[in-house]
Each structure stands twice: as C-alpha cells, then as structure tokens.
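Below is one structure, written out as structure tokens; the observations come after it.
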Amino acid sequence: MMSLFSTMSDAVHFIGIWGMPGIGKTTLARAIYGIICHQFEASCFIRDVRETVEKEKAGLVNLQKQLLFKTLKVKEENIWDYHEGIKVIKTRLSNKKVLIVIDDVDKVEQLQALAGSCDWFGLGSRIIITTKDKHLLIRHHRDTIVHRANGLDNDEALELFSWIVFNQTYPKKDFEDLSNGFVKYANGLPIALKVMSSSLIDRPREVWEDYLHQLEEIPEGEILDKLEISYRGLNEIEQNLFLDIACFFKGEDKNRVAHIEGFGCEKNIKTLEDKSLIAILGGKLWLHDLIQEMGWRIVRRESPQEPGRHSRLWFYKDVFHVLKENTGTEVVEGIVLDFQRTEVVEGMVLNSPPRKENLNDKAFLYMKSLRLLKISNVHLPIGLNFLSNKLRMMEWHDYPLKFMPISFQPDNLVELIMPRSHIEQLPEGLTNLAKLRLLDLSDSKVLVKTPNFIGCPNLERLIFQGCTSLYELHPSVGALNKLTLLNLKDCRSLTGLPCEINLKSLKIFILSGCSSLKKFSEIGTNMTSLSELYLDGMAVEELPSSLERLTGMTVLSLQGCKNLSSFPRVNLPSLKTLNLSGFKVQPPKSCLSHGFSLVRAAHTFFQGCFPIREAINLFLPRNWI
C-alpha cells in the first residue's frame, strides 16, 4: 500500500482502509502513519471514533478538540458544538499540509465533523479513514481511494506469530508444524494470531498440542469460538474480571477499575494484558471489538431465553425487562447502562436519553449478588425496599426518592455517585464505609446535611457541587487525611466551615459560589499539598494569615469576592495564577500612572503580601485596566 502514497499528486487525498473486524485495519493505518508522518507540517491519529461518540456526551466535539490540539499544539476551549468545531477546523487547517488518521468510523456524520471535504486542509494533505463500511467512504467523498484490508498471507502470519511467541521471525525447532497449524486456524486475522500466540509463550509442546486439538474441533470460520479458548485458559477470578471489562469497563481508567474490583485486580489485569485479551492505552482499558463480542456472547449463553439469569446486564432492553418484570435473580452481579446514547437526526448528532421507566419497589429484591450498578431514568412511585449490600460501585443518576432502603449497608462500597438525586440525608448505615473512595452527590438540590465521615477514612474525592440546600458540612471532614478533592461549588446555603482545615492530601478545594459563607477557615500546618483554591463569589470579608501555609498553591481564584477588602501579608512562593476579576477594591491611583504595566500595578498593590512575579497569570478587574 505504501506505493500508493508515493504516486499521489499534491492535491488533498482521502484514503479509506476497509475490511472486516480483526483484519488489521488499525494496525495498517498506524504503521503507515509512523512511516510518513514526518513528511507533514502536522499530524494526528484519532483512534476509536465510533466508541468515543457512543460513550461520551460531547464525543464529536471532544474529537474535534483533540484534532486541533494535536495539529496546532494549542487548546481550543471555545468550541461548544460540532458546527462551531467545523468552522474552527476549516479556518485553522486550510493552509496546513496535514496527515490525519480517523480510526473506526461507522457514520458519515463523524467524517463530516472531522474532515468534511478537501478544502478544509492544505495542499498535499492525506486523510486516512478506517471503517467496516465501504459504502460510507464513497458517500462521504466520492473520490476516496479505497483499499481493502485482506489480512495476512501465510508467510506474514507465520512471521507475526513467531515474533510474539519466539521473539524471532521464524518458529523454533520442534515447533514448526504446530506453528503452521495455529497460523492456518487464524485465517489471516492479526487479532486471532495475537490472542492465540500470547497463550503459548514459554509453554511446553503438550500445551500447544492440546490447544491445537481444541481448534480442530471448531467449524471453519467460527472465529469467536477460536478466541474463546484463551478465555477458558483463565482461572475463575480472571474470567470474571474479563467479563466485567468486556461488559462494563471498556475505556475506563485502569486504576479506577482496580479499586472497584478489589484486591488482586492489578495482577489479574496484567494477566489479561499478557494474553492479549485487553490492552492498556493512556491508562485506560481497551479491548478489540471481536474480543468484546466474545465476552458478550459468553454472558448471553448463561441463559439464552431469560436475561434475569445473566451474570451481567448492559443492554437497555434486557435491563428494563428484568427490572420491570422482577425476573432478576441471585446470579446477576452487574447492571451498567451507558447513559450517553446518541441518535443522528437530519445530519445532527443528538444526545437522546431513553424515556423514564416506572419500577416497583421490588425491582432489585432478588439480586442479592449485585456488585455493580449504574442506572438512570427511572421512577419509583411506591418506593424501593431493597438494594444489595454487596455493591462496590453504585452510580444512580436522578435517584427519585428522598431516602434509601433502611437495610442498605454496603460495607464494600468503593464509589457512590448520585448526581441530581432527591436525597435529603444519607442514612446512618452509609456512615461506616471503610472502602469508600468517591462520594458524589452533585446537584442534589434537597440535600441539607452531609453524613458523619468518621467511618470513611479512605475517601479521596468528595463532591457536593450544586447542592443548593446544603447548610452544614459535618466537622468530621477534617479527619479525611486521604482526601484530594473537596468540591462545594455553588452550595449557596452553606454558612460555615470547620474552624481549621488541615487535610494533608488535599490538592483542590472549591468554594466558588458559596455566597452565604462569610468566613474562611484557618489553614493547618499539614496543608502543603493544596495546589488550587477557588473562592470565587464568596461573601468572605478577609483571608487568614495562615494562608501562607499553602506553600504549594499554584492557583488562587478570588473572582467576584466583593466583600474582600484586604489581604494578609503572606508569602506564596508557588503561585502561578491569580484571578481577581470582579474584585471590588480599588488599586492605589499611583499604580495606574503612565508607564505602569498591569503586572507592575498588581505588584505594587500587593507589596508586602504575596509576591507577584513577572511570569504570573493575572486576571484583573475591569476597573484596573
């Protein structure tokens, strides 16, 4: 295929790589990208387009921002919809010779948002697209050069297999016949070769023969059955982790999943990676579409006719069949729905949340083994009488009740995420959660009090943003020595904080919009980790002199603090960004005399307070300008 690129004119060309799943389209595109990217002014490889658009609310916009950042090396923050993104891409890249790979496209709208036509890019640009749909390429741009990925021939397949298993280009002696046998059954599919070969590294001949015998019993062309042999070689714990990733955690942060899954998960993730069943890219868990499909098929096979006897539920129709018909059983371990479903209407990509579903109070009654729950869009008109105490992750958006079941005491809970809930107060049973790392009740408008945190010593992130009725933060928050984020943004009814904040791990503290809060806490001696402090719009009248203990603080935002009239004399050596926009106090007139820069004016005004360096990012009030 490289010869194709060497004969192209200086015009802008679209090149499509088309083929079945697992045939090696992405691998081929990445290889070409690596060889020729140095020939262009800028280049960008956008992977997993289909997956990103399906999973993320602003998927297309995020991909447009990624394209602009990688080609221009600047962040474009002012793109709010993909139509605006199109304008920016056309304007900024129309005179640049660029190489762009758009990987795994399944809708024309995705291409229209990222690479609409030739005139978006400078002369000599090359746009490479990988897809399973040949006709999509022609519909988007009729002059697209389409290359069919045909898989590997026998010699190429044997070389790839040998590299993985033996770290050389040919099989070792005594393994030639078996190696050729595996190559035959892979049928030219790189993903199949990779999965099979990863299970054979440093294994004796007897293991090879047994594996090959299992392949011989599978009908020709049944690729999923061939891949499944590697799954059957895992122990039970590894199998369960694989199914969780395939059904729930594709694209999720590896460390987050490890915490949710619990002890030993890091080791088991490494095993799955070593066997090429998953990959870790940018700290996130990924697996090939064919491998994921294999996992789904394994779960569905558990009970072909009744999804209530599946160990994992992720398909919208199955989930609500089980919940509305009360057919869930003790077999069910996970229910995870992706809320960000998208639809394309008249060329526009719309986020289309499913309709609200009515459930009865016994919807979860028989699911005693439920570990993972992520759900939204439900009404509970007669309440809820049971949730599993085995839950490790609970993410329930728009929880419709004021209270949770009295019997709910999930000792193993790691994450409790309930944005926009109608909860007034968490039950006492949720105050002894030693494994809890994340508590997010953002935008829960009727929440009035936080729980006692003494029983949650491992909390790392605490989010009450937008809880407009919250008036009390329990003083036990001061004992959370592992807390890194405390977000109380827009808690407008909050009137007080603990007298002293002394959280040694806290990195980000957000009090912006707490308009009833008139006094800021004293800073303890352990607060050296804090890097960002946001006090925008607070009613605070003065800051404590103990602020100087924040020696690691890089961002201090006081935007709109109209009651603040003076600063303590403090030294903040790490400060890089100071936001004073909307500030009430006037600078001395002498600071604004002819020849003074804004930085110099601020320096003079704060003389004797915290030092202002020439390199600092300053956001000043309009009346200072």
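The values are calculated or read from the model by the stated rules, or taken from the named source; none is laboratory data. No experiment lies behind these values; they were computed from the predicted model shown. Don't worry about glycine lacking a Cβ; one is built from the backbone with ideal geometry, like all the others, and counts go over all protein chains shown. For accessibility, only protein heavy atoms count, side chains too; no ligands or nucleic acids. Shrake-Rupley method; radii C 1.70, N 1.55, O 1.52, S 1.80 Å.
In whole Å, what is the distance between the alpha-carbon centres of the stretch 434-492 and the stretch 207-256? The two parts, judged by their Cα centres, are 41 Å apart.
Local charge sum around TYR170 (other residues, Cβ-Cβ under 14 Å, Lys/Arg +1, Asp/Glu -1)? Write out the running numbers ahead of the final one.
Working: positive: LYS172, LYS173; negative: ASP155, GLU156, GLU159, ASP174, GLU176, ASP177.
Its environment carries a net charge of -4.
Based on the Cβ-Cβ distance of LYS518 and SER9, what FRET efficiency does E = 1/(1 + (r/R0)^6) give at R0 = 45 Å, to the nearest 0.05? Calculated transfer efficiency: 0.05. As a calculated quantity, the FRET efficiency between THR468 and HIS38 at R0 = 45 Å, using C-beta atoms, amounts to about 0.25. Residues whose amide H comes within less than 5 Å of that of VAL146, counting only those at least five positions distant or on another chain, are GLY16 (H built at 1.01 Å from N in the peptide plane).
In order along the stretch 383-391, phi translates into HN-Hα couplings of x, 9, 9, 7, 9, 5, 7, 8, 4 Hz, rounded to whole numbers, per the Karplus curve 6.51 cos²θ - 1.76 cosθ + 1.60 with θ = phi - 60° and x for Gly and Pro.
Where both bridge residues fall in the chain, DSSP classifies roughly 10% of the beta bridges as antiparallel.
In this simple spin-label approximation, LYS267 and ARG297 carry label points 7 Å from Cα along the Cα→Cβ vector, and these lie 3.1 nm apart. Accessible area per residue was computed with a 1.4 Å probe on protein heavy atoms; TYR33 scores about 40 Å². As a quick test, which of the pairs LYS75/LYS97; LYS73/LYS107; LYS250/LYS270; LYS73/LYS96; LYS132/LYS356; LYS267/LYS368 have an alpha carbon distance above 22 angstrom in this structure? Going by Cα-Cα distance, LYS73/LYS107; LYS132/LYS356; LYS267/LYS368 fall outside the 22 Å limit. Roughly how far apart, in whole Å, are the Cα centres of the stretch 503-547 and the stretch 55-106? What the calculation gives is 37 Å, centre to centre.
Among the trypsin sites (Lys or Arg not before Pro) in the stretch 277-321, which ones are in a DSSP loop with at most 16 other Cβ atoms within 10 Å of the Cβ? Mind listing them?
Qualifying residues, ordered by number: ARG301.
For the chain, the equivalent ellipsoid derived from the Cα gyration tensor has semi-axes of 48, 36, 23 Å, listed largest first. A straight chain from ASP225 to LEU281 at 0.36 nm per residue would run longer than the Cα-Cα distance by 17.5 nm.
Report P(r) for the stretch 158-300: all Cα-Cα distances, bin width 10 Å, range 0 to the bin holding the largest distance, values in whole percent. The percentages, shortest bin first, are 11, 42, 33, 13, 1. Inter-label distance, SER566 to ARG232: 8.0 nm, where each label sits 7 Å from its Cα along the C-beta direction.
Stokes-Einstein diffusion for the stretch 459-501 at 10 °C, viscosity 1.306 mPa s, with a Kirkwood radius from C-alpha pairs, works out to 147 µm²/s. Could you check the spin-label model distance between ASN432 and ASP253? Points 7 Å from the Cα along Cα→Cβ, value in nm. With each label point 7 Å from Cα toward Cβ, the separation is 3.0 nm. Once all protein chains are placed together, THR327 keeps about 40 Å² accessible to a 1.4 angstrom probe. For ASP10, the accessible surface of its heavy atoms amounts to roughly 120 Å² (probe 1.4 Å, protein chains only, rounded to the nearest 10).
So if R0 is 35 Å, what FRET efficiency would ASN167 and LYS402 give, r being the distance between their Cβ atoms, rounded to the nearest 0.05? Using R0 = 35 Å, I get an efficiency of 0.05. When all protein chains stay in place and ligands, DNA and RNA are ignored, the 1.4 Å accessible-area order of PHE320, PHE69, largest first, is PHE69, PHE320. Placing one equal scatterer on every Cα of the stretch 32-185 and applying the Debye formula, the log10 ratio I(q)/I(0) at q = 0.10, 0.13, 0.18 Å⁻¹ is -0.48, -0.69, -1.02.
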